[in-house]
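In what follows, a single structure is set out as structure tokens and then discussed.
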Amino acid sequence: MSHTSGNRKLLARVRRMKGQVEALEKMLDGASDCGAVLQQIAAIRGAANAVSYTHLRAHETREDL
């Protein structure tokens, strides 16, 4: 079993990212302000970086999160 399997914090963060991506899709489908779209993309990027960092740190230390 993976050292990150069942990690509730990571799963919650990924689920929030899913909502952010869905919101971005709606923004791109509509006539949203360019700044708002870029802000949403930055938020998604930040969330993905956080998930990546958390997963990598757990892998390096081989700890359950």
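A short reminder: the numbers here are calculations on the coordinates, not readings from a lab. Just so we're clear, the structure is a prediction, and the values are computed from it rather than from any experiment. Note that each Cβ is placed from the backbone with ideal geometry, even for glycine, and that neighbours are counted across all protein chains shown.
Tabulated data for the structure shown
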quantity	calculated
Tilt relative to the chain, helix 8-29 - C-alpha long axis, 0 to 90 degrees, to 10	20 degrees
Chain lengthening between residue 28 and residue 43 when straightened (0.36 nm per residue, less Cα-Cα)	3.9 nm
Value of relative contact order over the chain, rounded to a whole percent, pairs C-alpha under 8 Å and six or more apart	56 percent
Acute angle (nearest 10 degrees) that the helix 34-61 long axis makes with the longest principal axis of the chain, alpha-carbon atoms	10 degrees
Calculated Rg/Rh (Cα atoms, Kirkwood Rh) (choose from (1) 1.09; (2) 0.98; (3) 1.12), label	(3)
Dipole magnitude of the chain about its Cα centre (Cβ charges: Lys, Arg +1; Asp, Glu -1), debye to nearest 20	240 debye
Stretchable slack from residue 61 to residue 16, in nm (0.36 nm times residue separation minus alpha-carbon distance)	13.6 nm
